[in-house]
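Working notes, structure below.
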Amino acid sequence: MSSAEKPNETTSARVATIASKLLSNPSTPKPVRTVAASVLTQKVKSTGKR
């Protein structure tokens, strides 16, 4: 993949919620926080429901 291409990766709302909770917990280990932050940098796929 060239650097001009955008990755076709999305994060589900469920996974984003879990990652957010991990980041807000001060006792979460640094490696886990790093992965959780990475998850949240990916676009959350919208379901179109409200």
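The values are calculated or read from the model by the stated rules, or taken from the named source; none is laboratory data. These numbers come from a predicted model, not from an experiment. Note that we place each Cβ from the backbone using ideal geometry, even for glycine, and neighbour counts take in every protein chain shown.
Restricting the first residue to the stretch 9-21 and requiring it to be closer than 12 Å to L40 by Cβ and without any contact (Cβ under 8 Å) to a residue 24 or more places away in the chain, which pairs with a second residue that is surrounded by 12 or more Cβ atoms within 10 Å (Cβ to Cβ) and not β-branched (V, I, T) meet a Cβ separation below 6 Å and a spacing of at least six or different chains?
Pairs that qualify, where the first residue is closer than 12 Å to L40 by Cβ and without any contact (Cβ under 8 Å) to a residue 24 or more places away in the chain and the partner is surrounded by 12 or more Cβ atoms within 10 Å (Cβ to Cβ) and not β-branched (V, I, T), are A19/A36; A19/L40.
Quickly run through the stretch 13-35 and pick out the residues that are more than 13 Å from the chain's Cα centre (by Cα) and surrounded by 13 or more Cβ atoms within 10 Å (Cβ to Cβ).
Of the residues in the stretch 13-35, the ones more than 13 Å from the chain's Cα centre (by Cα) are 24-31.
The one that is more than 13 Å from the chain's Cα centre (by Cα) and surrounded by 13 or more Cβ atoms within 10 Å (Cβ to Cβ): T28.
Can you find even one residue in the stretch 12-32 that is at pLDDT below 95 and in a loop (DSSP other than H, G, I, E, B)?
Yes.
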